[in-house]
Amino acid sequence: MRALRPFKFLRRLGRDAGGATAIEFAFVAPPFLFMLFAIFELGRIYTMASVLEDATLGAGRLVRTGEIQLSGGGAEEFRQEVCSRMSVFAMDCDQALSVDVRIMPGFESQRAPDPVSGNEFDDEELQFDPGEAQQIVLVRTWWRTPLFAPLLTEGLLRLSDDSTLVTAATTFRNEPFA
């Protein structure tokens, strides 16, 4: 009779459903939380991309209309203009934003150098040349941001410091300002 006592305990444990909810939650919670954080992270990245594109287009208008050229503004004034348009993301602007403004020979032949090489971002190739009236100008911006959701970095461009780049660009012909 004593030999059957451990089996009675196991049978009773098998019928007891008191901790089933906790065990089910332990199985379901990690994938659910991963998906939740990934959705928030992707939403943040898409919002950042949209805000950066709008800021790039808005600041690019200052180049297109000749306002920045006629006022004698340079790269730092252009950066500040982009930063002022970054709304909720503007607090990280000094470290996160890189800009490149250059004259292009034509709309069909845009071969500006890529500043990303081997998972490193090289600011040395960037320049600021807003051009003169009627010249074609390419304006590019990059925003460096960390990612928080694990495994999400596999689908995005990742730099060696585990941050990712969000980029925006616009090309236009400067207006005939004088």
Exactly one of LEU159, LEU152 is out of contact with any Lys or Arg (no Cβ under 9 Å at 6 or more places or on another chain) and modelled with pLDDT under 85, and that residue is LEU152
Test: THR167 is open to solvent by 60 Å² or more (accessible area, probe 1.4 Å), in contact with a strand residue (DSSP E or B) (Cβ under 6 Å, 6 or more places away or on another chain) and within 28 Å of PHE37 (Cα to Cα): yes
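The values are calculated or read from the model by the stated rules, or taken from the named source; none is laboratory data. All values derive from a computational prediction rather than experimental measurement. Quick reminder, even Gly has a Cβ in these numbers, built from the backbone with ideal geometry, and neighbours come from all protein chains shown. For the accessible areas, the whole protein counts, side chains as well, though only heavy atoms, and no ligand, DNA or RNA atoms are used. Shrake-Rupley method; radii C 1.70, N 1.55, O 1.52, S 1.80 Å.
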